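One structure coming up, written as structure tokens, with questions to follow.
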Amino acid sequence: MPQALLAIIAALLLLAGALGLALHYGSNHALLWALGAALGFTLYRGAFSFAGGFRQVLAEGRGAGLRAQMLMLGILVVIMLPAIHAGTLAGAPVRGIVFPTGVAVIIGAFIFGIGMQLGGGCASGTLYTAGGGNTRMLLTLVFFIIGATIAAYDSERWADLPALAATSLPELIGLWPTIIGSLTVFLCVALASRVIEQRHHGRVEPIFRAPAAASPRLWSWGLAAIILAALNIITLWVAGRPWVITASFPLWGSRAVAEFGWDEPAFWAFWEDPTRTEAFLRPLLAERSSVMNFGLLLGAFFAAALAARIKPQWRMPWRHGCASVLGGLLLGYGAVMASGCNISAYVAGIASGSLHGWLWILPGLAGNWVGLQLRPLFRLDR
């Protein structure tokens with residue numbers, strides 16, 4: 001099918017989805033759908049990958065992707081932290097993502113990190129590349145959802161692991177010390193990545209450089225980081241909380257389990273938690289993260305079609321398929337166990353001033369390093 005026709009179909013589906021959601025659930029849901037589509041479009045145009053950024057630093061000594069992450073986090077901390085601390089943004093009530101900090105976060109982030117390198121992407125990366133027509137990532141996404149569902153079923157095994165209470169750094173040490181301390185860390189990470197890249201390659205890649213003609217990127221990483229930060233801030237205003245992705249994955253899987261009559265997920269301890277019960281009982285499209293994720297998939301598809309890059313390869317080496325299955329399972333289980341992925345724990349957690357967001361990154365990076373050592377077993381490039 002011609003790529004231009006695919007782009008038109010995607011645009012019509014995006015418009016129909018927005019209108020349908022507005023009629024059935026209100027304008028707020030339609031706006032969340034549009035935000036999800038914009039996030040998917042931006043992620044695809046910038047090839048903005050957390051897994052790729054970590055892999056470039058750990059395996060190649062290149063830090064442009066990591067510096068783009070620091071830029072995005074810096075913008076979010078400066079704007080979102082004060083708003084969350086005040087409880088309001090442009091007149092709308094908002095809250096942060098603040099979860100307990102403990103053993104489950106450490107183990108879950110480590111498992112998730114391994115999955116990032118075997119599965120080929122993080123949460124956002126898996127969604128936008130799958131939406132862009134990458135068949136290996138479609139397989140990763142399926143097993144991502146299965147892994148998240150298994151973690152929900154298995155939650156009694158890890159839910160009571162030792163943990164500190166949910167800790168907000170602005171409440172613990174103050175708003176401005178948290179902002180200044182966060183920005184200092186981001187600056188140090190960016191500068192360290194520049195030093196490492198200079199030593200390894202004799203030059204430092206600028207994050208605002210236009211991509212080469214052969215690059216999968218259509219926008220610079222710096223531009224994508226700024227747009228993603230802006231979309232995150234708008235999401236906070238519209239949804240009343242930061243952008244999250246993986247909260248919907250155990251929901252999708254558990255609903256499928258119930259529909260096929262395999263079990264009664266409503267009686268799992270995970271869904272008996274009052275904070276999750278309502279999401280499980282409501283219609284799927286009433287759940288905000290699901291709406292944004294569906295929009296993200298279609299937004300990435302639209303971007304790929306505009307770039308004439310919808311070229312799915314239905315055959316893949318069996319080792320690559322095995323890596324997607326194993327990586328997806330680890331991604332799903334780890335994300336649920338760690339109370340979030342690279343978006344809802346690392347990005348949203350840090351932007352909310354949550355201690356668990358800061359704790360996530362170290363075991364997450366350690367898991368990425370282990371995943372890199374395992375990639376050759378599956379004939380994946382280091």
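The values are calculated or read from the model by the stated rules, or taken from the named source; none is laboratory data. Here the structure is a predicted model, which is why all the values come from computation and not from measurement. We place every Cβ from the backbone using ideal geometry, glycine too, and count neighbours over all the protein chains shown. Areas reflect the complete protein model, heavy atoms only, side chains present, ligands, DNA and RNA absent. Shrake-Rupley method; radii C 1.70, N 1.55, O 1.52, S 1.80 Å.
Let's see how each residue does on (1) part of a loop (DSSP other than H, G, I, E, B); (2) under 30 Å from ALA366 (Cβ atoms); (3) not β-branched (Val, Ile, Thr):
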site	(1), (2), (3)
LEU12	no, no, yes
TRP33	no, no, yes
GLY40	no, yes, yes
PHE48	yes, yes, yes
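Could you tell me whether ALA247 is over 16 Å from the mean Cα position of the chain (by Cα), within 22 Å of PHE48 (Cα to Cα) and modelled with pLDDT under 95?
Values: over 16 Å from the mean Cα position of the chain (by Cα): no; within 22 Å of PHE48 (Cα to Cα): yes; modelled with pLDDT under 95: yes.
Against the criterion (over 16 Å from the mean Cα position of the chain (by Cα), within 22 Å of PHE48 (Cα to Cα) and modelled with pLDDT under 95), ALA247 does not qualify.
Another question, if that's okay. Return yes or no: is PHE99 outside any helix (DSSP H, G or I), out of contact with any Phe, Trp or Tyr (no Cβ under 6 Å at 6 or more places or on another chain) and either open to solvent by less than 10 Å² (accessible area, probe 1.4 Å) or not hydroxyl-bearing (Ser, Thr, Tyr) (or both)? Quick ask: steps written out before the conclusion?
Numbers: outside any helix (DSSP H, G or I): yes; out of contact with any Phe, Trp or Tyr (no Cβ under 6 Å at 6 or more places or on another chain): yes; either open to solvent by less than 10 Å² (accessible area, probe 1.4 Å) or not hydroxyl-bearing (Ser, Thr, Tyr) (or both): yes.
Considered against the rule, which asks whether it is outside any helix (DSSP H, G or I), out of contact with any Phe, Trp or Tyr (no Cβ under 6 Å at 6 or more places or on another chain) and either open to solvent by less than 10 Å² (accessible area, probe 1.4 Å) or not hydroxyl-bearing (Ser, Thr, Tyr) (or both), PHE99 comes out as yes.
Quick check on the stretch 223-246. Is at least one of its residues more than 19 Å from MET70 (Cα to Cα) and without any contact (Cβ under 8 Å) to a residue 40 or more places away in the chain?
no
State whether the residues of the stretch 225-243 include one that is at pLDDT below 95, under 30 Å from SER290 (Cα atoms) and under 20 Å from the mean Cα position of the chain (by Cα). Give the derivation first.
Just the residues of the stretch 225-243 that are at pLDDT below 95, to begin with: none.
No, the conditions are met nowhere in the stretch 225-243.
Got at least one residue in the stretch 258-267 being farther than 17 Å from TYR25 by Cβ and buried (at least 20 other Cβ atoms within 10 Å of the Cβ)?
Among the residues of the stretch 258-267, at least one is farther than 17 Å from TYR25 by Cβ and buried (at least 20 other Cβ atoms within 10 Å of the Cβ), which makes the answer yes.
Matching residues to (1) open to solvent by less than 20 Å² (accessible area, probe 1.4 Å); (2) hydrophobic (A, V, I, L, M, F, W, C); (3) over 14 Å from the mean Cα position of the chain (by Cα):
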residue	(1), (2), (3)
TYR44	no, no, no
ARG55	no, no, yes
ARG62	no, no, yes
ILE106	no, yes, yes
GLY115	yes, no, no
TYR128	yes, no, no
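Enumerate the helices (runs of 4 or more DSSP H) found wholly within the stretch 270-382, keeping only those where 2 or more residues are within 15 Å of the chain's Cα centre (by Cα). Let's see the steps before the verdict.
Working: elements: 274-281, 288-306, 318-337, 348-351, 355-374.
Filter on the stretch 270-382 gives 288-306, 318-337, 348-351, 355-374.
Is it the case that LEU218 is surrounded by fewer than 18 Cβ atoms within 10 Å (Cβ to Cβ), assigned to a loop (DSSP other than H, G, I, E, B) and not basic (Lys, Arg)?
Working: surrounded by fewer than 18 Cβ atoms within 10 Å (Cβ to Cβ): yes; assigned to a loop (DSSP other than H, G, I, E, B): yes; not basic (Lys, Arg): yes.
So LEU218 passes the test.
If the Cβ limit is 6 Å and pairs must be 6+ apart or interchain, which residue in the stretch 23-47 that is under 14 Å from GLY132 (Cα atoms) and aliphatic (A, V, I, L, M) pairs with which residue that is outside any helix (DSSP H, G or I) and modelled with pLDDT under 95?
So the pair list comes out as ALA47/PRO216; ALA47/ARG217.
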